[in-house]
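Taking it in order: structure first as structure tokens, then the write-up.
Please treat every number below as a calculation from the coordinates, not as lab data. Predicted model, so just to flag it, every value in this text is computed and none were measured. Counting neighbours? That spans all protein chains shown, and the Cβs are built from the backbone with ideal geometry, glycine included.
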Amino acid sequence: MPACPHRWRSWPRALLRALLPSACALCGAAGTDAVCAGCERAYVGARPRCPCCANPVGPLDAGRRCGACLAAPPAFDATVAACDYAAPLDGLVLQLKFGARLALAPWMARVLRDSALGAPGLALPELLCPVPLGARRLAERGYNQALEVARPLGAVLGIALAPRLALRVLETQAQSGIAPGARRNNVRGAFALAPGACERVRGRHVGVVDDVMTSGHTLDALAAVFKKAGAARVTNIVFARTPPHA
């Protein structure tokens, strides 16, 4: 009976789900995922966005770069965002980042997969790199939330993960705590390629994964490092995008 061993291997996972059922992080309903299907339908949905920076745009401007990206093109070429950084999904980002709710990361990765595959004309990257944390912040938090999302995202998209492709060489203040006009200077010189990474980057399409994109300066600084090393294209893949007025 060749099928039996496969059934036996599936028992521990099924038993674990039965003994430790999941509850939706938003409404508390029992289910098998971190966020139930009803809440996902209610709060996560496609909307017209600038294909470069993922800021919301009007329906008539869908697929076209926004005025800001035309006036001052960033180093990155495209951005995929699954949702806006707004209630109640902003709470999930905070739970993952500061509350160690790591079970949210695979759900975010699945939502991002759907967003990436559904983006018109988007070419998928050849490798994924999470936005790196500085050594001090990584030691304080114990994990990099961007890596926690990038790992399952690479698996469901079939893209190689390169978690040490880039390094944060300067310990910067959190962008959220800095005035918008000072954020670009805050991350200036903050990133560098890891030793020996140039060959992996040159001529390739690099995907940069993060939990949230606010002003875009962090991702722009990291993309500039990849472009300087010869990357052909850089695409950001972020779970949430902060609206431009925030």
Could you list E40, E140 in order of exposure, starting from the residue whose Cβ has the fewest other Cβ atoms within 10 Å?
-> E140, E40
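What is the calculated FRET efficiency for E199 to A29, with r their C-beta to C-beta distance and R₀ = 41 Å, to the nearest 0.05?
Computed FRET efficiency for E199 and A29 comes out at 0.25.
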In degrees between 0 and 90, to the nearest 10, how far off the longest principal axis of the chain does helix 217-228 point, with axes built from Cα atoms?
-> 80 degrees
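Counting only DSSP beta bridges with both residues in region 47-241, tell me the antiparallel percent, nearest 5. Present the calculation step by step, with values, prior to reporting the outcome.
Numbers: 4 of 24 bridges.
For region 47-241, the DSSP antiparallel bridge percentage is about 15.
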Calculated from DSSP helices alone, with each H run of at least 4 adding -39500 (n - 2.57) and the total divided by the residues of the chain, [θ]222 nm to the nearest 500 comes to -11000 deg cm²/dmol
Principal axis dimensions, region 74-163 - Cα atoms, whole angstrom, descending = 39, 30, 28
Near the amide H of G207, under 5 Å away, which other amide H atoms are found, from residues 5 or more places off or on another chain, if H is placed in the peptide plane?
-> E126, L127, L128, C129, T235
Helix 4-19: inclination vs the chain longest Cα principal axis, degrees, rounded to 10, gives 80 degrees
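At a 10 Å Cβ-Cβ cut-off, how would you order V111, V35, fewest neighbours first?
Numbers: V111 19, V35 25.
Lowest count first: V111, V35.
With a 10 Å radius around each residue's Cβ, average the other Cβ atoms per peptide and rank 92-98, 217-223, highest first. Let's see the in-between values first.
Details: 92-98: 18.4, 217-223: 22.7.
Listed from highest to lowest mean packing, they are 217-223, 92-98.
Grab the Cα-Cα distance for L124 and D61, subtract it from 0.36 nm times how many residues apart they are, and report the gain in nm with one decimal. Mind showing how you got there, number by number?
Details: separation 63, 0.36 × 63 = 22.68 nm, distance 2.26 nm.
20.4 nm is the gain from fully extending L124 to D61.
Just the number: Rg to Rh for the chain, Cα atoms, Kirkwood Rh, two decimals. Could the numbers behind the result be given before it?
On the way: Rg = 18.8 Å, Rh = 19.0 Å.
Rounded to two decimals, Rg over Rh is 0.99.
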Whole-angstrom gap from region 148-173 to region 46-121, using each part's C-alpha centre = 17 Å
What nm value, rounded to one decimal, do you get for the distance between A160 and E140 when each label is placed 7 Å out toward the C-beta?
-> 3.4 nm
Ordered by residue, what ³J(HN,Hα) values in Hz, to whole numbers, does region 99-114 give under the Karplus form 6.51 cos²θ - 1.76 cosθ + 1.60, where θ = phi - 60° and Gly and Pro are x?
-> x, 6, 7, 5, 5, 6, 4, x, 5, 4, 5, 5, 4, 5, 4, 4
Residues whose built amide H sits under 5 Å from the amide H of R241, excluding neighbours closer than 5 in sequence, are C83, D84, Y85, M213
Determine, for R136, R241, R164, the number of other Cβ atoms within 10 Å of each Cβ, and report the residues in order from fewest to most.
-> R136, R164, R241
Length-normalised contact order of region 90-246, Cα under 8 Å, at least 6 apart, in percent, tallies to 25 percent
Filter the chymotrypsin sites (Phe, Trp or Tyr not before Pro) in region 24-97 down to the DSSP loop ones having no more than 13 other Cβ atoms within 10 Å, then list what survives.
-> none
